[in-house]
């Protein structure tokens, strides 16, 4: 049952990472307005490029390496210290480049300096260690208190649009403080390591290989937001961000299996159990498709009125954009299953990287004309198409070793069930007065319709759920 527990722990962890803006979004949107929200979103989109340098691909690489050596405490400790030294080096580099950037770019300087706290927060982020150990409980518990404190601080101190800087500071310090709370547990995990045994830069080659897909991912996910802010203004970037905040909550639930299964699959690969990895892929692909389709269609069906209800009348443009972005939920779910749960554990890093690089190049080519002509909608269309390229390429590279017919066997049933659910809920959403109770009613009716359709169509997920629940029972 360890995989199942870790899945739910990781769902909680991913939601907690996004729960702060979700809980506070209605209040912040009305208090800071589109301009304040846009300034936060735009400056954060810039700072993420420097965070990328700090991480240098260590999120997935560290997770995977820890999974390989976790049965040897000395090697585990050695790996941790080596990777953290690499992180310190890259953080220094990132800060130097950031200081140069600040001297050349003279807009939102103060906010950017506050956002730079996130670079230091990235330095002390060691969640990859716990994920490699398949210990997700500690990250959830430690971060919960920090997130609750942050929410209290926001409602206490943010009162007008002039408090945008304070909002940035609270969020940045929340991330920094949450990451610091993971360090006290290290004394229970690590042992003393001879400094002479450390070879931190021996990891650079593989880390840089995984750095490339990280850069590519940021290009096709973050470039749109940055370009939107430059071409259409920070307010449009804020609309994009608000749509993304809601969609990412759903994505975090759907893709939580990837973070859970990666270390497990990597450990199976180390033992030579490649067939076990394929079987895990078939099971998890069915499971995430079962979740992704109704969540995507459900989000689209209520998005037009949800955006106004959640953010306020000034954020009406978020609704149509959210409807477009909901397609991403399915695309990300599939690419997460194939890329994170299969290609990376099997050391197929080049294939994984190519899928992201091709998507990034595609995004760079189409983003500027689409944003120039269609603004906010063009940016979101770029995001959807880019995610589709990632998924399509990964399917192509695995089609000779994975039975695609078996992989997609139940997808038509999920699609049909979700489509019927969408038509009913969209009709209700259009004709009912939208409030908290009607939203709960619409979601409840949607779930009931989907479940009834699943029972009628009888996809194999009904049997595979039992397999998934027992996938790691022996552990």
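The values are calculated or read from the model by the stated rules, or taken from the named source; none is laboratory data. Everything numeric here is computed off the predicted structure, so don't read it as measured data. All Cβ positions, even for glycine, are placed from backbone atoms using ideal geometry, and neighbour counts span all protein chains on display.
Rundown of residues vs (1) assigned to a helix (DSSP H, G or I); (2) in contact with a helix residue (DSSP H, G or I) (Cβ under 6 Å, 6 or more places away or on another chain); (3) surrounded by 22 or more Cβ atoms within 10 Å (Cβ to Cβ); (4) without any contact (Cβ under 8 Å) to a residue 60 or more places away in the chain, yes/no style:
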| residue | (1), (2), (3), (4) |
| --- | --- |
| 45 | yes, yes, yes, no |
| 63 | yes, yes, yes, no |
| 66 | yes, yes, yes, no |
| 85 | yes, yes, no, no |
| 91 | yes, yes, no, yes |
| 96 | yes, no, no, yes |
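If you go through segment 423-466 and pick out every residue that is without any contact (Cβ under 8 Å) to a residue 60 or more places away in the chain, over 28 Å from residue 286 (Cβ atoms), in a helix (DSSP H, G or I) and in contact with a helix residue (DSSP H, G or I) (Cβ under 7 Å, 6 or more places away or on another chain), you end up with 1. Going by what's in this entry, would residue 420 be described as free of Cβ contacts under 8 Å to residues at least 60 places away in the same chain, within 22 Å of residue 292 (Cβ to Cβ) and surrounded by 14 or more Cβ atoms within 10 Å (Cβ to Cβ)? Against the criterion (free of Cβ contacts under 8 Å to residues at least 60 places away in the same chain, within 22 Å of residue 292 (Cβ to Cβ) and surrounded by 14 or more Cβ atoms within 10 Å (Cβ to Cβ)), residue 420 qualifies. Among the residues in segment 119-135, are any in a helix (DSSP H, G or I), modelled with pLDDT of 90 or more and surrounded by fewer than 20 Cβ atoms within 10 Å (Cβ to Cβ)? Scanning segment 119-135 turns up at least one residue that is in a helix (DSSP H, G or I), modelled with pLDDT of 90 or more and surrounded by fewer than 20 Cβ atoms within 10 Å (Cβ to Cβ).
Here is a yes/no grid of residues against (1) under 19 Å from residue 418 (Cα atoms); (2) in contact with a strand residue (DSSP E or B) (Cβ under 6 Å, 6 or more places away or on another chain); (3) modelled with pLDDT under 85; (4) buried (at least 19 other Cβ atoms within 10 Å of the Cβ):
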site	(1), (2), (3), (4)
234	no, no, yes, yes
247	yes, no, no, yes
270	no, no, yes, no
274	no, no, yes, no
311	no, no, no, yes
316	no, no, no, no
323	yes, no, no, yes
327	yes, no, no, yes
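When 230, 223, 212 are checked against the criterion of being part of a helix (DSSP H, G or I), at pLDDT below 80, out of contact with any helix residue (DSSP H, G or I) (no Cβ under 8 Å at 6 or more places or on another chain) and surrounded by fewer than 23 Cβ atoms within 10 Å (Cβ to Cβ), a single residue qualifies: 230.
Across segment 346-362, a minimum of one residue is classified as in contact with a helix residue (DSSP H, G or I) (Cβ under 7 Å, 6 or more places away or on another chain), more than 22 Å from residue 205 (Cα to Cα) and part of a helix (DSSP H, G or I).
Here's the yes/no breakdown for (1) under 23 Å from the mean Cα position of the chain (by Cα); (2) crowded, with 22+ Cβ neighbours inside 10 Å; (3) under 25 Å from residue 209 (Cα atoms); (4) at pLDDT 90 or above:
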position: 356; (1), (2), (3), (4): yes, yes, yes, no
position: 377; (1), (2), (3), (4): yes, no, no, yes
position: 382; (1), (2), (3), (4): yes, yes, no, yes
position: 405; (1), (2), (3), (4): no, no, no, yes
position: 415; (1), (2), (3), (4): no, no, no, yes
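Here 351, 286 are screened, and the one residue that is without any contact (Cβ under 8 Å) to a residue 60 or more places away in the chain and within 21 Å of the chain's Cα centre (by Cα) is 351. Mind counting the residues in segment 184-196 that are assigned to a helix (DSSP H, G or I) and either touching a helix residue (DSSP H, G or I) at 6+ places or on another chain (Cβ under 7 Å) or at pLDDT 90 or above (or both)? The qualifying residues number 1. Scanning segment 99-118 for residues that are free of Cβ contacts under 8 Å to residues at least 12 places away in the same chain and either within 23 Å of residue 28 (Cβ to Cβ) or crowded, with 18+ Cβ neighbours inside 10 Å (or both) returns 107, 109, 113.
Just to be sure before I move on: is residue 275 part of a helix (DSSP H, G or I) and either without any contact (Cβ under 8 Å) to a residue 24 or more places away in the chain or at positive phi (or both) in the structure I sent? Here the answer is yes, as residue 275 does meet what is asked. Is it the case, given these coordinates, that residue 74 is modelled with pLDDT under 90 and either surrounded by 21 or more Cβ atoms within 10 Å (Cβ to Cβ) or part of a loop (DSSP other than H, G, I, E, B) (or both)? Considered against the rule, which asks whether it is modelled with pLDDT under 90 and either surrounded by 21 or more Cβ atoms within 10 Å (Cβ to Cβ) or part of a loop (DSSP other than H, G, I, E, B) (or both), residue 74 comes out as no. Being modelled with pLDDT under 80 and either surrounded by fewer than 23 Cβ atoms within 10 Å (Cβ to Cβ) or out of contact with any helix residue (DSSP H, G or I) (no Cβ under 6 Å at 6 or more places or on another chain) (or both) is a property that does not hold for residue 35.
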